1. Go through region C:57-68 and give me each residue that's under 12 Å from C:Y147 (Cα atoms) and assigned to a helix (DSSP H, G or I).
2. Name every residue in region A:94-111 that is assigned to a helix (DSSP H, G or I) and open to solvent by 40 Å² or more (accessible area, probe 1.4 Å), in order of residue number.
3. Of the residues C:I278, C:I303, only one is within 8 Å of another protein chain (Cβ to nearest Cβ), closer than 18 Å to B:G160 by Cβ and not in a loop (DSSP other than H, G, I, E, B); which?
4. Do we find a residue being closer than 30 Å to C:D61 by Cβ, modelled with pLDDT of 90 or more and not β-branched (V, I, T) anywhere in region C:98-109?
5. Given the conditions (1) closer than 28 Å to C:V129 by Cβ; (2) facing another protein chain (nearest Cβ under 9 Å); (3) more than 15 Å from the chain's Cα centre (by Cα), report the number of the one that C:F294 does not fulfil.
6. Sort through C:P246, C:P241 and tell me the only one that's out of contact with any Asp or Glu (no Cβ under 7 Å at 6 or more places or on another chain), closer than 19 Å to C:F132 by Cα, in contact (Cβ under 8 Å) with a residue 40 or more places away in the chain and open to solvent by 20 Å² or more (accessible area, probe 1.4 Å).
7. Within region B:150-176, restricting attention to residues that are out of contact with any Ser or Thr (no Cβ under 7 Å at 6 or more places or on another chain) and not in a helix (DSSP H, G or I), which residue is surrounded by the most Cβ atoms within 10 Å (Cβ to Cβ)?
Amino acid sequence: MALLEASRIVAGYGETEILHGVSVTVDNGEIVTVIGPNGCGKSTLMKAIVGLVQVRTGTVIFRGEDISSLPPQQIVRRGLCYVPQSANVFPALSIRENLEMGAFVRDDDYGGRIDEMFELFPDLAVRPNRKAGSLSGGQRQMLAVARALMLDPVLLLLDEPSAGLSPAMTNLVLERISEINATGVAFLLVEQNAREALRLSDRGYVLSAGENRLDDAGHALLDNPEVARLYLGG
Amino acid sequence: MPTLKNTVARLSFKWTPGRITLAIVAAVLVAGLLPFVKMSLIVNGVFLGAIIALGAIGLTLIYGVLNFANIAHGDYMTMGAYVALFLLTGAFPAFGIEGEGLGPLTFGYPLLIALPLAAAVVAAGAVLLDVAIYRRLRQRGVNAVVIAMASLGVAIALRGLVQVIWSGETQHYPREFRQVFRLPLDVRIPPDSVFIAVVAVVLVVGVYLVLTRTKMGKAMRATADNPNLALVSGIDTQRVIRWNWIIGAGLAATAGVLLAVFQAQLLPIMGWRFLIPLFAAVILGGIGNPYGALVGAFVIGVTSEVSTQWINPSYKPAVAFAIMIVVLLMRPRGIFGDSG
Amino acid sequence: MDAIGIVNYLVGFAIMAAIYAVFALGLNVHWGFTGLFNIGIAGFFALGAYTSALMTTKPPDPALFEDFVFGGNWSETHFLDLGIDLWFFLGLAAAAAVCGIIALIIGYVTLRLRDDYLAIATLGIAETVRLFFLNEKWAANGSKGLYRIPAFLEGWVSPEHYDYLYLVVVLVVLSALFLAVERAVKSPWGRVLRAIREDEVAAEASGKNVFRFKLQAFIFGAVIMGVGGALFAHNIRFLSPLTFDPLLATFVIWAMLMVGGSGNNRGAILGAFVVWGIWTGTQFLPGIFSDPNFRFFMIGVLIVAVILLRPGGILGEERRITRAADS
């Protein structure tokens with residue numbers, strides 16, 4: 001049984017329908033990347049899975065349970081966490097407070113988890129009382145991922161984790177993703193830097209105009225000449 | 001949401017060259033005027049500022065988290081004052097709880113019981129109003145200004161209710177005449193004002209501790225900061241909103257009781273008239289910023305009180321309004337907000 | 001009350017309802033079409049009323065111990081006498097101009113900012129205007145008020161029939177304003193306003209100067225309110241700062257627009273007659289319903305109820321074909 005099975009999702013905003021029946025699955029421990037042109041519905045798909053955008057028809061099954069109509073707080077509790085593309089930290093709160101907010105639904109002592117995050121992202125440990133709003137783009141992205149990891153998720157959804165980052169920083173972020181993945185966390189990524197993301201992905205999906213276009217193993221998509229021409233910039 | 005960026009709670013403060021210049025200009029102005037200002041007006045302004053602060057902190061928290069201007073906030077103050085009046089003159093005497101002139105204060109110990117009870121009643125009422133009205137509108141996803149519109153309706157209804165129950169006449173709490181404290185420089189302080197200041201300091205420190213030390217307080221700041229991220233972090237935003245109303249309306253009701261003590265009278269329109277200084281303080285401090293509202297409240301309180309040395313005292317709300325307009329012209333996001 | 005008494009009562013009612021309809025139209029330009037949240041209508045109401053009254057009233061009479069220093073006396077000035085009382089329209093124009101200028105200043109300061117700053121600023125203006133007329137006796141006789149405000153076309157008909165005449169005057173002005181607002185909102189300018197109300201960011205992105213359009217709409221609405229204030233002044237012919245209580249000069253007008261149908265000019269006028277009918281009609285009811293405080297309470301409940309249960313009011317916003325053709 002797949003860890004996450006989203007099938008034939010239809011969703012959108014107001015009167016506009018963005019997704020016209022998209023399906024993706026993620027298995028335990030996998031990294032899966034969704035690529036596609038701007039406006040094809042990648043971000044909306046993420047939001048529909050985590051409950052920020054209403055799923056009109058179709059189902060989202062996570063660990064055998066239908067979560068398609070649950071609110072975000074409930075979904076988060078089940079071990080599916082999400083990092084939005086932008087505005088993904090609380091700028092007025094300190095680094096430590098951001099991590100505490102990530103653990104809001106935890107009632108146990110999460111002090112140890114915060115220390116683990118500081119080990120994983122040493123940059124954040126330098127001045128834990130610094131306001132998140134004063135961090136650099138890369139540090140913010142690290143903090144956003146760390147915040148989402150506070151709940152020990154089984155599956156992490158990252159919307160464009162490398163958006164606005166330098167190539168060096170992008171590599172660093174992707175490296176961290178592989179490391180975290182090695183501890184058993186599955187990932188569903190949306191990425192502009194499709195080539196780099198697909199390289200470390202087990203599988204990938206190509207979306208276009210709110211519909212599934214292709215899906216295959218990560219390296220197979222990389223080698224597919226049509227994908228290369230249309231989505232990987234030649 | 002287009003206005004999200006403006007509503008983000010700003011709890012950090014940095015000294016930029018612009019701000020330093022502003023501070024120096026303000027300090028020179030204040031220092032230059034000081035010899036001509038009666039000390040007693042400044043002291044009185046500080047007490048008035050304390051009452052404004054209690055109202056403004058609640059208003060700015062609600063503004064930050066719910067993203068709308070609660071026009072009914074002044075009437076939550078009025079409600080608090082009148083609920084306390086009911087307790088002091090109607091409910092308590094039935095149980096033999098009576099008395100005025102506690103030590104140097106004009107009022108008696110029953111007010112100390114009535115104050116938290118009135119705050120609790122108004123806080124509960126605010127939560128109910130949220131469930132009955134504002135939550136539905138939020139779920140419908142209407143524009144923030146429509147929610148503000150609804151709060152105007154609530155403000156009118158609350159004031160009407162106060163007038164139906166307590167009439168529109170001027171009233172006051174049971175009180176006994178008391179001598180004022182006489183200090184040097186011709187400063188006279190009514191003992192009641194000292195009580196007001198103590199209550200305000202305790203509550204402001206309390207709110208600060210809640211916002212910075214408790215999980216719910218941090219979640220309130222987080223929700224004001226970035227509501228969508230709060231949602232996907234698993235923060236129970238409904239509960240955050242509930243606590244927001246409890247704290248905001250509770251503080252407003254307290255401010256209402258203190259205002260009734262300060263002015264030695266109650267009038268149904270007292271809270272509505274107080275809206276202008278409240279919003280002036282909130283805007284001065286930057287929307288969503290409780291520390292800014294605190295500073296803004298004292299600026300408004302002292303300035304409008306000091307202005308009475310030259311201007312007819314009944315113009316105090318107009319002075320508060322003028323300060324607000326000047327701030328909006330110079331620094332639209334408040335003295336602590338980002339410039340621009 | 002005999003039949004004539006009832007008719008006279010209804011005429012008096014209709015005059016006030018029609019004056020309120022003018023305000024509702026002005027508020028519709030602000031809120032209904034542009035989404036501008038003005039909770040200080042009383043300020044424009046008072047400015048309009050006092051402006052026209054001061055321009056047209058006779059100068060102060062020392063024998064009457066009046067405190068104000070200026071009365072324009074337009075009603076007695078002969079160069080304005082062209083067989084018809086031209087001064088009346090000049091009074092309306094002056095009222096409109098003063099309100100427009102104040103709206104320009106307030107709008108210029110606040111309309112670039114968040115929507116709700118305007119609410120607070122208009123509230124401040126209303127309070128400042130009230131305090132000004134209350135404290136500055138030299139301006140308009142303070143709380144004693146102005147009580148020698150001239151009537152339009154006085155002497156054309158006998159005093160007991162004057163209300164009929166004034167009703168016609170008010171209805172003519174109301175119709176003219178209605179046509180002007182209808183024209184404006186159906187023009188390309190009005191389409192931009194509604195686009196701004198629906199999605200300011202999108203309107204800005206499509207290259208519209210949102211600030212300028214909002215400012216124009218704010219001034220336009222305030223000008224209409226100024227005319228309403230002037231019509232009111234020459235009807236009641238007595239003004240004091242107490243006349244402009246927020247209840248009857250702001251809140252009730254909001255209730256009218258919301259009930260009738262925000263965004264619909266016919267709705268605004270209908271709402272003015274319906275709400276004013278309820279407001280004046282309930283005074284004849286027994287018990288608590290005629291208690292002014294209870295009616296105050298009900299105005300608030302009515303506004304909330306309309307927002308919650310029937311956001312479109314009685315008529316709802318007109319669906320405009322022009323809009324469909326536009327997109």
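The values are calculated or read from the model by the stated rules, or taken from the named source; none is laboratory data. Predicted, not measured: the structure shown is a model, and the values here were computed from it. When we count neighbours, we look across all protein chains shown, and the Cβ atoms used for this are built from the backbone with ideal geometry, even at glycine. Surface accessibility is based on the protein's heavy atoms, side chains included, excluding ligands, DNA and RNA. Shrake-Rupley method; radii C 1.70, N 1.55, O 1.52, S 1.80 Å.
1. Hit for region C:57-68 is C:L64, nothing else.
2. A:R96
3. None of the others qualify; the one that does is C:I303.
4. yes
5. (1)
6. Going through C:P246, C:P241 in turn, the sole match is C:P246.
7. B:Y173
This table checks each residue for (1) in contact (Cβ under 8 Å) with a residue 40 or more places away in the chain; (2) buried (at least 19 other Cβ atoms within 10 Å of the Cβ); (3) within 14 Å of another protein chain (Cβ to nearest Cβ).
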| site | (1), (2), (3) |
| --- | --- |
| B:V261 | yes, yes, no |
| B:G288 | yes, yes, yes |
| B:T308 | yes, no, yes |
| B:K316 | no, yes, yes |
| B:F321 | yes, yes, yes |
| B:V327 | yes, yes, yes |
